[in-house]
Amino acid sequence: MAAGKWIGGFIGWMAGGPLGALAGYLIGTLFDSVLDGVNTPDNSGTWGTGSQREENWQQQSYQDYSQAYQQAYRQRQQQGQRNSFLFSLLVLSSYIIKADGKAMHSEMEMVRQMLRQNFGSQAVYQGNEILNKLFDEQKREGWTQFKQTVRQCCGQINQQMDYSQRLQLLNYLVMVAKADGSVPQSEITALKECAQWMGLRSSEVDSMLHLEGNTLEDAYKVLGVSQNATDDEVKKAYRKLALEHHPDKVAALGEDVRKAAEKKFQEINNAKERIWKARGL
């Protein structure tokens, strides 16, 4: 079977390793027909057919052709990063969703919504199939071995994605866990495991779990400081968060991911404003 482009396309950027091995298993079970509609010439990062390239070569100067080729390469690289991000989200979501031993409909629907926003309605069915295959792989390997597989995947993500992209990936995982209205301790533990395996602070999970809260206590937890912290400590914590979570840091992953980061950034600022108001800063 042919490889689905938005899954297989990531291999050029995140080649080999545990993610590559897992992708190889999944790709071998999937059809490409559904995903062909997702990857159009506008978003696949390709630059014309062979005959078109010949014609362009004849019509353009070497410099113009070189610039066009470099632009196409950057587009392809950017699309590879985006594909890798979404594939990683599916793999880690399968771990979070089943951390409490059951797959909740609301959590599955949250992942479908993310796929719909990133790749359109045609990708939802295929993404759902991938999640089901991942659940099958969990059963085949057993939870302990699958946990080790996820840990290895997180290690590869840590090596290939920058810090802000990993933070945004974790933020999506927290959104999945919160989709059914409660986050049991088993899911919190799984979230913190993924955070640590990706080279992030486990305290980031506590911060993200309180992003939508509207109390002063929530605000302090978002900034990761106690209510007894000094003004300087609070300001330093906010500056650190603002730098790490700035939406521009994930712009290469696509406008939809950037908008999600903007929402998270605004919630961090809302928490900061509640604290500033309470302290008279």
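The values are calculated or read from the model by the stated rules, or taken from the named source; none is laboratory data. Keep in mind that this is a model prediction, so the values were computed, not measured. Every residue, glycine among them, receives a Cβ derived from its backbone with ideal geometry; neighbour counts consider all protein chains shown. Heavy atoms of the whole protein, side chains included, go into the accessibility calculation; ligands, DNA and RNA do not. Shrake-Rupley method; radii C 1.70, N 1.55, O 1.52, S 1.80 Å.
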Check: With respect to residue 264, is the statement that it is touching a residue at least 12 places away in the same chain (Cβ under 8 Å), open to solvent by less than 40 Å² (accessible area, probe 1.4 Å) and within 23 Å of the chain's Cα centre (by Cα) true?
Finding: yes
Item checked: Pair list, Cβ < 8 Å and 6+ apart or interchain, from the stretch 208-232 residues that are under 23 Å from residue 167 (Cβ atoms) to residues that are in a helix (DSSP H, G or I) and of a type in the set (Ser, Thr, Tyr) -> 221/207; 222/207; 223/207; 223/238; 224/203; 224/207; 226/220; 229/220
Next item on the list: Collect the residues in the stretch 184-204 that are open to solvent by less than 30 Å² (accessible area, probe 1.4 Å) and of a type in the set (D, E, K, R), keeping them in residue-number order.
Entry: 187, 204
Margin query: For the stretch 184-224, give me each residue that is part of a loop (DSSP other than H, G, I, E, B), hydroxyl-bearing (Ser, Thr, Tyr) and over 17 Å from residue 268 (Cβ atoms).
Written below: 202
Note to self: Against the definition (farther than 20 Å from residue 252 by Cα and modelled with pLDDT of 85 or more), how does residue 122 come out, yes or no?
What the structure shows: no
Next item on the list: Those residues that are more than 11 Å from residue 99 (Cβ to Cβ), under 17 Å from the mean Cα position of the chain (by Cα) and touching a residue at least 24 places away in the same chain (Cβ under 8 Å), I need them from the stretch 176-207; list them, please.
Entry: 178, 179, 195, 197, 198, 199, 200, 204, 205
Margin query: Is it the case, given these coordinates, that residue 129 is open to solvent by 20 Å² or more (accessible area, probe 1.4 Å) and either touching a residue at least 24 places away in the same chain (Cβ under 8 Å) or in a helix (DSSP H, G or I) (or both)?
Written below: yes
Note to self: Residue under question is residue 211, and the condition is that it be under 28 Å from residue 94 (Cα atoms), of a type outside the set (Val, Ile, Thr) and crowded, with 20+ Cβ neighbours inside 10 Å; does it hold?
What the structure shows: yes
Margin query: So in the stretch 171-183, with the set limited to residues that are in a helix (DSSP H, G or I) and out of contact with any Cys (no Cβ under 7 Å at 6 or more places or on another chain), which one is surrounded by the fewest Cβ atoms within 10 Å (Cβ to Cβ)?
Written below: 178
Check: Is there a residue in the stretch 151-168 that is touching a Ser or Thr at 6+ places or on another chain (Cβ under 6 Å) and more than 18 Å from residue 261 (Cβ to Cβ)?
Finding: no
Margin query: For the stretch 151-209, which positions are under 23 Å from residue 253 (Cβ atoms) and either β-branched (Val, Ile, Thr) or touching a Pro at 6+ places or on another chain (Cβ under 8 Å) (or both)?
Written below: 152, 153, 155, 156, 157, 174, 176, 205
Next item on the list: Return the residue satisfying two criteria in turn: it lies in the stretch 225-238 and is aliphatic (A, V, I, L, M) and assigned to a helix (DSSP H, G or I), and of such residues it is most open to solvent (accessible area, probe 1.4 Å).
Entry: 237
Item checked: the stretch 104-122, subset farther than 26 Å from residue 181 by Cβ and not aromatic (Phe, Trp, Tyr), residue least open to solvent (accessible area, probe 1.4 Å) -> 120
Check: Do we have any residue at all in the stretch 93-107 that's within 16 Å of the chain's Cα centre (by Cα), more than 20 Å from residue 18 (Cβ to Cβ) and modelled with pLDDT under 90?
Finding: yes
Notebook entry, point to check: Residues 159, 168, 145: which one is buried (at least 16 other Cβ atoms within 10 Å of the Cβ) and among the polar types (S, T, N, Q)?
Noted result: 168
Next item on the list: Scan the stretch 239-261 residue by residue and report those that are open to solvent by 40 Å² or more (accessible area, probe 1.4 Å), out of contact with any helix residue (DSSP H, G or I) (no Cβ under 6 Å at 6 or more places or on another chain) and not acidic (Asp, Glu).
Entry: 239, 240, 243, 246, 259
